[in-house]
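Asker: Pasting in a structure now, in structure tokens, and then I'll have a few things to ask.
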């Protein structure tokens, strides 16, 4: 299995378990803090500095970012880290940007629950695994 899919599987498992770095899962924000720290609410990508501590950090504005070669926007860091196209990253991590006809899963709004996001990630992984067989 490709490293990006392994990382996605780890993120989905983390979301399913529910022992998050943020007190509340909120799909509509990377991180509620406006400083380089974990805030009280955050999304799936917002959990990356908690799960993948060696590769991710909090930027000065509270956004999650890759430690090396960070892009301007966390979505592009997520795309690079998980080996996704920009469109795939939007599908998995941005409310209202899901394309179930192309990438499976369901449409999610900013109030989606952590398990809903995890289920979309798992469905996407299964789709990618089928394509490589």
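Asker: First measure r as the distance between the Cβ atoms of residue 40 and residue 86, then evaluate 1/(1 + (r/R0)^6) with R0 = 41 Å and state the FRET efficiency to the nearest 0.05.
Answerer: 0.90
Asker: Looking at the calculated P(r) for region 1-104, what percent of the C-alpha pair distances fall above 21 Å?
Answerer: On the way: 1470 of 5356 pairs.
Result for the distance tail: 27 percent.
Asker: To continue, here is another question. Under 8 Å for C-alpha pairs, at least 6 residues apart: give me the relative contact order for region 3-131, rounded to a whole percent.
Answerer: 26 percent
Asker: What's the FRET efficiency of residue 9 with residue 101 using the Cβ-Cβ distance as r and R₀ = 22 Å, to the nearest 0.05?
Answerer: That pair, residue 9 with residue 101, gives E of 0.40.
Asker: Only Cα pairs under 8 Å and at least 6 apart count here; give the relative contact order of region 46-103 as a rounded whole percent.
Answerer: Relative contact order here is 17 percent.
Asker: To the nearest Å, what is the center-to-center distance of region 30-56 and region 58-133, using C-alpha atoms only?
Answerer: The two parts, judged by their Cα centres, are 15 Å apart.
Asker: For the pair residue 67/residue 24, report the inter-label distance in nm, with labels modelled 7 Å from Cα in the Cβ direction.
Answerer: Spacing of the two 7 Å Cα→Cβ label points: 3.1 nm.
Asker: Follow-up. When a/c is below 1.5 the answer is rounded, else prolate if a/b is larger than b/c, else oblate, so apply that to region 44-133 with a ≥ b ≥ c taken from the square roots of the Cα gyration tensor eigenvalues.
Answerer: Note, shape of region 44-133 comes out prolate.
Laboratory data are not the source of any read-out in this text; all were calculated from the coordinates shown. Computed from a predicted structure; not experimentally measured. Reconstructed Cβ throughout: ideal geometry from the backbone, glycine too, with neighbour counts over all protein chains shown.
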